[in-house]
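Every number in this text was worked out from the coordinates using simple rules, so none of it is lab data. Not measured: the values here are computed from a predicted model. A quick note on method: Cβ atoms are made from the backbone with ideal geometry, for glycine too, and the neighbour counts reach across all protein chains shown.
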């Protein structure tokens, strides 16, 4: 609703209640605009529509891919979106990612944990709610600044400035953006997945990312020892997520089906097969088996029929079954096609390196069956991007017959190569990776799972080195505060960022001239005005 129309509506409402003495319609209108989402489900519905529109735009033009950065605290997510707005003017096609890895490492009451679904599953919806609390506060803060400017324009009869500010208020773009939230492998059976999915959606999640590993043996996607489940088990969890969305009225909700099969060589179960060539049979076709010639030698073994013969899947001492070497890509393709046919909206293929042609080789096969298949891709900090791309350039130049005598492939991470032509070419490929991968492999969304885990460690290390060293207080002033001022970082006025000015506005609404406000002349934040 247009700001002035809302004010007029509230003038009428207040007039109908003759005892609402001292309630100002414009103040109430401002508070309503500063809190435009009633609940998490409002947010989930709003952001799901954004994602659906972005998906349609990407189908028409792969250059319109989307991006996000992972976050582990509401403040971190808020600052990302504020920075996006500052630098690019809009949050269009830019989301947040909620990383299960960072929840485990940074948000568990057990302390730092590996990415193995050992953290409290309630910590995931709690973080979603926290993120949206901070994003809504960013709305309130920025609108509050506009309202203050509006009052100042009116006080000086600057009508042109007043009109401009009213237009900006009416056109205000919320900081509330889609969150793709990691539900891991569902934290239990399909019922447990459904219950957790409901909590995440109620907190505001419009997109749930779920992986095809077993819940009780779940591993980080870039570690060894991953164990996948038969397709029927994974389909049940996809359906559980869809039912949760539908029950809560989020009809545009997004399910991202992740496959870890490329790096997973183990399964806990042999799939149930009803007839040759069915889904269970296809899963079992990848098992590493040996022919059975002597039934008397069997000791509690499991046998399956394959091509008219009894065969024994190779079982490890852990009681897990292993897949044949070299079948990972074929299993990924089957996983993805199956997930899309049973209700998933987007795919996530976990890879061991950022290699466009490796990804495209699988997506080409998937899109031959499901033409509009789209990917979410993890631009993971678990990859050594510098080394990987220098080696890719090295290999490409070798194939071209170029002289590489000055380079040692295994040592390309060395600083001695930083200024070389090969390093510059590798950096250019890194720079254009997302654009090129979206065009070639139909990647709709690029994310970095753990960026602020690493940036927090790096910036803290720099500050500790300088502050506790020779630089002393200059380490903070030159390395942090002066840069905040020069770069226009809003947090340099940390009282304002934390909501002090919003509180002052409310005090004035509630108590009028008798309000005791914090933002007076003696507030040291005025030094940063």
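Maximal additional length on extending the residue 90-residue 56 stretch stands at 10.3 nm, based on 0.36 nm per residue less the C-alpha distance. Let me test this: with uniform point scatterers at the alpha carbons of the range 469-513, what is the Debye-based log₁₀ I(q)/I(0) at q = 0.15, 0.19, 0.22, 0.26 1/Å? Reported log10 I(q)/I(0), two decimals: -0.54, -0.67, -0.75, -0.86.
What percentage of all Cα-Cα pairs in the range 328-456 are separated by more than 18 Å? Don't jump to the answer; show the numbers that get you there.
On the way: 4856 of 8256 pairs.
Value for the range 328-456 (Cα pairs over 18 Å): 59 percent.
Here is the size of the chain from its Cα atoms: Rg then Dmax, 27.6, 99 Å.
Only Cα sites of the range 9-52 enter the Debye sum here, all with the same form factor; the resulting log10 I(q)/I(0) across q = 0.19, 0.33 1/Å is -0.67, -1.08, listed in q order. The eigenvalues of the Cα gyration tensor, multiplied by 5 and square-rooted, give the range 388-508 an equivalent ellipsoid with semi-axes of 43, 23, 11 Å from largest to smallest. The separation of the range 108-158 from the range 271-330, counted between C-alpha centres, amounts to 51 Å.
Three principal axis extents describe the C-alpha atoms of the range 1-142; from largest down they are 60, 44, 26 Å.
For the range 41-115, the percent of C-alpha pairs falling in each 10 Å distance bin, counted from 0 to the bin holding the largest distance, reads 17, 37, 33, 12, 1.
If R0 is 56 Å, the Cβ-Cβ spacing of residue 396 and residue 20 corresponds to a FRET efficiency of close to 0.15.
Rounded to the nearest 10 degrees, the angle from helix 40-60 to the longest Cα principal axis of the chain is 60 degrees. Each peptide among 52-61, 355-364 gets the average number of other Cβ atoms lying within 10 Å of its residues, and from highest to lowest they stand as 355-364, 52-61. Judged by the mean number of other Cβ atoms found within 10 Å, the most tightly packed of the peptides 414-421, 286-293, 200-207 leads the ranking 200-207, 286-293, 414-421.
Summary of packing: across the peptides 227-239, 311-323, the per-residue average of other C-beta atoms within 10 Å ranks them, highest first, as 227-239, 311-323. Here the convex hull built on the C-alpha positions of the range 233-341 has a volume of 130 cubic angstrom per residue.
For the pair residue 364 and residue 31 in one chain, pulling the backbone fully straight at 0.36 nm per residue adds 114.8 nm over the alpha carbon distance.
Would you calculate, for the chain, the mean residue ellipticity at 222 nm contributed by helices, counting each DSSP H stretch of 4 or more residues as -39,500 (n - 2.57) and dividing by all residues, to the nearest 500? So the calculated ellipticity at 222 nm is -15000 deg cm²/dmol. The alpha-carbon atoms of the range 316-383, seen along their principal axes, cover 42, 30, 19 angstrom, with the largest extent given first.
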